[in-house]
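Below: the structure, in structure tokens.
Coordinate-derived values only; no laboratory data. Everything numeric in this text was worked out from a predicted model, so none of it was measured. Every residue, glycine as well, gets a Cβ built from its backbone with ideal geometry; the counts of neighbours run over all protein chains shown.
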Amino acid sequence: MTVNNTIAHQRLVLTGDRERFKELLRRRLIECGWRDQVRMLCRDVVKENESNNITFDMLAARVTPRARALVPDTVKKELLQKIKTHLLTQKDQ
Amino acid sequence: MNDNGCIHLNNFKAAKGTNPYKIVHAFFVACTSFEARRYKATSCLCFTCGMPGPRMHSCLHCIYFACYAGHIQDHSKTKKHFLYVDLSYGNIYCAQCQDYIYDRELTEIGVTHKLKEAKSLGISVPFMPWLPNPNEAMALRRLRKRRLISPHTTIGLRGLQNLGSTCFMNCIVQTLIHTPLLRDYFLGEKHKCKAQGSGKCLVCEVSKLFQEFYSGAKTPLTLHRLLHLIWTHARHLAGYEQQDAHEFFIATLDVLHRHCMNGVDENGEKKENGRCNCIIDQIFTGGLQSDVVCTSCHGVSTTIDPFWDISLDVAGPGSLAACLERFTRAEHLGSGAKIKCSNCRAYRESTKQLTLETLPIVASFHLKRFEHSSQIDRKINAFVSFPAELDMTPFMSSHRRAVDVGADNNNAPEGVCEDNRYSLFAVVNHVGSLDAGHYTAYVRQMKGSWFKCDDHMITRASLREVLDSEGYLLFYHKTVLEYECENS
Ligand SMILES: [Zn+2]
Ligand SMILES: [Zn+2]
Ligand SMILES: [Zn+2]
Ligand SMILES: [Zn+2]
Ligand SMILES: [Zn+2]
Ligand SMILES: [Zn+2]
């Protein structure tokens, strides 16, 4: 992160907008069924490894790449668009 | 999932209580105040490498912030501080157990903070999935009978006998049965009735009907008890001749709303604004705002009236959106329709504009296809297209106001989570002429799964077929439901 990025990040946290965008993302991911898909992926990984006790880090390492690939483009686009416009209007003020 | 934490966390809690977790969580995980956000914004950096990630954690013993790329692990090893909190989600890692651990008490603290955070940000309460309590979990285990819902399931579908031109009623009943939120209310057995067994409560009758529809039986049902009940309570509808489905819909909602008073919990439950808070009003009532602007003094007089449906003129526009656009357009009331202005204390010409102040969960549109006048009664077969997904934002009072002052409201962060999208779930059609007509309904049984209900006949239909139908009553359900904060 550059200094500029850090400032933008801090401002997003301070105003609460980071949480607002996070909440929007969370809702979209639930709506489109992504969350359920990821849950199924996790279940499969746990089942495959039934013999050895699987930890969160192992689970995250196995599931994250596939989960990322499953995020629909429409969701990415909407978020990107909204964050971009938001940052630009903030800059003008 | 085991939610009793681990021996190490339990020892820590015994020595220091839950306060260390509470403080870290309220300031750095879910910021419950502006002050907390200021701390989070400026200090959530790794004490070792200065980076804001990846996966920031805080030591629960000494509030040391470090990233998960090795620095929190280093701190934990050298200081023998074995418990640390993930700052994105609030989960606790135990270095001795070498994994995240879950503790019911701390999870509950986290939930409370999340609610406070939502409140402080002015966003609606985040969705939380249903978790069965011990009783419910036991009941689920005991009940061995399961029904698998697949795309081919015909669950909830049942034909209705025609009792001699009662297709108008059958269509409305099919619509109500397939109203998602109403179904959840009734299948959740939320109506606990004081008049139970008296046979006089329409809400109880509908409750029984839901059981019949979801019983798995396939024979068509006969609704004479329901019809009789509505006739007794809405006398103007009595008689076996063909009725207007729209009129019947409104009358049914009205009787249901009145009978909700029989409910144990619902009695006299009112919102602050004095409006009824029964299940019917919770689902179907919206607020229609009327702004009358005096052309002389530009004074505005605003009134808000509750509505159960919106009646739209069909002559002219070719789409539902165009009908709504015209419905919410400012209209000049000519010299023939002067209104008394309280400012000018005189009758003045004015403009009037209707907008939607609050949206109902179910938006019902009535396309005015029947024209009754002293000279002639006729049906207007004009084509009006309607979408499967509808965004109501452009027709809302807040949006119109923003457009008027020229503000670009679409990207205001406050509006980010405001969601006014609706999905079509039922369409009632009238075929044939005014006096020799017949009503049928299309209902959405599950997402993407449509059926045509023609009295006792239920047949699968495509969305295309639904959208190509003429349309008399259109029913849209809110796509995303907001949650209200109860423990504020
Ligand atoms: Zn420490
Ligand atoms: Zn670090
Ligand atoms: Zn442990
Ligand atoms: Zn009742
Ligand atoms: Zn009511
Ligand atoms: Zn005036």
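Quick one: Debye curve from the C-alpha atoms of the stretch B:7-121, no solvent, what's log10 I(q)/I(0) at q = 0.14 Å⁻¹?
-0.53
Please list, ordered by chain and number, the residues whose modelled amide H lies under 5 Å from the amide H of residue B:370; skip anything fewer than 5 residues away on the same chain.
Residues meeting the criterion, in which the H sits 1.01 Å from N, are B:380.
Around residue B:212, what is the net charge, scoring Lys/Arg as +1 and Asp/Glu as -1 over all other residues with Cβ under 12 Å from its Cβ?
My count for the surroundings of residue B:212 gives +3.
Over the stretch B:71-124, what lengths in whole Å, largest first, do the semi-axes of the equivalent ellipsoid take, defined as the square roots of 5 times the eigenvalues of the alpha-carbon gyration tensor?
28, 13, 7
Convex hull over the Cα atoms of the protein assembly as shown, averaged projected area in nm²?
Over all viewing directions, the protein assembly as shown projects a mean Cα-hull area of 33.6 nm².
If you rank B:117, A:78, B:108 by fewest surrounding Cβ atoms within 10 Å, what's the result?
B:108, A:78, B:117
Which entries in the list B:452/B:478; A:47/B:77; B:119/B:352; B:119/B:190; B:218/B:368 go over 24 Å, if you measure between the two C-alpha atoms of each?
Cα-Cα > 24 Å for A:47/B:77; B:119/B:352; B:119/B:190; B:218/B:368; rest within.
Which far-off residues, 5 or more places away or on another chain, put their amide H under 5 Å from the one on residue B:243, with H placed in the peptide plane?
Answer set, sorted by chain and number: B:168.
Hey, how many Å between the Cα centroid of the stretch B:58-82 and the Cα centroid of the stretch B:194-210?
Centre-to-centre (Cα) distance: 61 Å.
Can you compute the label reach from residue B:47? Point 7 Å from Cα along the Cβ direction, backbone N cut-off under 19 Å, restricted to the stretch B:11-25.
Inside the label zone: B:16, B:19-25.
Less than 16 Å apart at the alpha-carbon level, and either on another chain or at least 8 residues along: which aspartates and glutamates does that give for residue B:194?
B:205, B:265, B:266, B:269
Using a simple charge model, +1 on the beta-carbon of Lys and Arg, -1 on the beta-carbon of Asp and Glu, nothing else, what dipole does the stretch B:5-118 show about its Cα centre, in debye to the nearest 20?
200
Let me check the size of chain A from its C-alpha atoms; what are the radius of gyration and Dmax in Å?
Rg then Dmax for chain A, in Å: 17.2, 58.
For B:276, B:31, B:97, what's the fewest-to-most ordering of other Cβ within 10 Å of each Cβ?
Ascending number of Cβ neighbours within 10 Å: B:97, B:276, B:31.
What percent of all Cα-Cα pairs in the stretch B:166-262 falls into each 5 Å bin, going from 0 up to the bin containing the maximum distance?
All Cα pairs, binned at 5 Å, distribute as 2, 13, 25, 27, 21, 11, 3, 0 percent.
In whole Hz, what ³J(HN,Hα) sequence does the stretch A:35-52 give by Karplus (6.51, -1.76, 1.60; θ = phi - 60°), x for Gly and Pro?
3J(HN,Hα) across the stretch A:35-52, in whole Hz: 4, 5, 4, 5, 4, 5, 4, 4, 4, 4, 4, 4, 5, 4, 9, 4, 5, 9.
222 nm [θ] for chain B, helices only, -39500 (n - 2.57) per DSSP H run of 4+, per residue, to 500?
Calculated from helices alone, the mean residue ellipticity at 222 nm is -8500 deg cm²/dmol.
Which whole-Hz ³J(HN,Hα) couplings does the stretch B:446-455 yield from phi under the Karplus relation 6.51 cos²θ - 1.76 cosθ + 1.60, θ = phi - 60°, glycine and proline marked x?
Each residue's phi maps through the Karplus curve to give 9, 3, x, 10, 10, 9, 9, 10, 10, 6 Hz.
I'd like the FRET efficiency for residue B:436 and residue A:66, computed as 1/(1 + (r/R0)^6) with the beta carbon distance as r and R0 of 60 Å, rounded to 0.05.
Once the sixth-power term is evaluated, E becomes 0.50.
If each residue of separation counts as 0.36 nm, what is the full-extension length gain between residue B:140 and residue B:96 once their alpha-carbon separation is subtracted?
Residue separation times 0.36 nm, minus the Cα-Cα distance, leaves 12.3 nm.
Can you tally the net charge around residue B:48? Count Lys and Arg as +1, Asp and Glu as -1, for every other residue whose Cβ sits under 15 Å from the Cβ of residue B:48.
Around residue B:48, the charge tally is +2.
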